[in-house]
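See below for the structure under consideration.
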Amino acid sequence: MANIYSGSASGSAPTQIDVDTVSKEVVTENYNRVGLALCNLSDGTIYVAFGISSAVVGSGLVILPFGGSFLMTEYSYTKEAVTAIAHSDNSLLAIQEFVIRS
């Protein structure tokens with residue numbers, strides 16, 4: 001689904017989350033989302049999945065170490081939950097979500 005929202009958006013408070021070797025939800029489903037940025041601050045690879053119950057090492061969206069990032073565009077747009085898994089525990093993922101401004 002393309003992002004057809006043309007109004008103003010606000011950035012949520014930037015956050016960081018530890019991604020471990022067990023898949024977990026890192027961003028909840030959000031019907032007010034109009035953008036999302038993810039950045040890998042660790043020295044290991046992080047794998048991300050959208051809208052499914054778990055991320056899997058070696059598949060899905062790959063976010064490379066030392067600043068690898070994902071920026072949601074009109075071609076990768078989703079309001080679904082985001083899950084992530086990493087090769088090693090305590091892999092730090094920075095998150096910035098953009099939502100419809102009320």
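The values are calculated or read from the model by the stated rules, or taken from the named source; none is laboratory data. Since we're looking at a predicted model, the values are computed, not measured. With ideal geometry, Cβ positions are generated from the backbone for all residues, glycine too; neighbour counts draw on all protein chains shown. Remember, those area values only see protein heavy atoms, side chains included, never the ligands or the DNA or RNA. Shrake-Rupley method; radii C 1.70, N 1.55, O 1.52, S 1.80 Å.
Brief remarks follow.
- Residue that is out of contact with any Cys (no Cβ under 8 Å at 6 or more places or on another chain), without any contact (Cβ under 8 Å) to a residue 60 or more places away in the chain, open to solvent by 50 Å² or more (accessible area, probe 1.4 Å) and not in a loop (DSSP other than H, G, I, E, B), where the choices are VAL48, VAL62: VAL62
- Test: residue in region 8-20 that is of a type in the set (Asp, Glu) and part of a strand (DSSP E or B): yes
- Any chance GLN96 is in a strand (DSSP E or B), open to solvent by 50 Å² or more (accessible area, probe 1.4 Å) and in contact (Cβ under 8 Å) with a residue 60 or more places away in the chain: no
- Test for VAL57: is it among the β-branched types (Val, Ile, Thr) and under 16 Å from SER12 (Cβ atoms): no
- The residues on offer are ILE85, ILE63, ILE95, and the sole one that is modelled with pLDDT of 95 or more and in contact with a Lys or Arg (Cβ under 8 Å, 6 or more places away or on another chain) is ILE85.
- Scan of region 65-77 for residues that are assigned to a loop (DSSP other than H, G, I, E, B) and crowded, with 16+ Cβ neighbours inside 10 Å, ordered by number: MET72, TYR77
- Filtered by the rule that a residue be of a type in the set (Gly, Ala, Ser), open to solvent by 40 Å² or more (accessible area, probe 1.4 Å) and under 17 Å from SER76 (Cα atoms), region 5-45 gives a lone residue, SER6.
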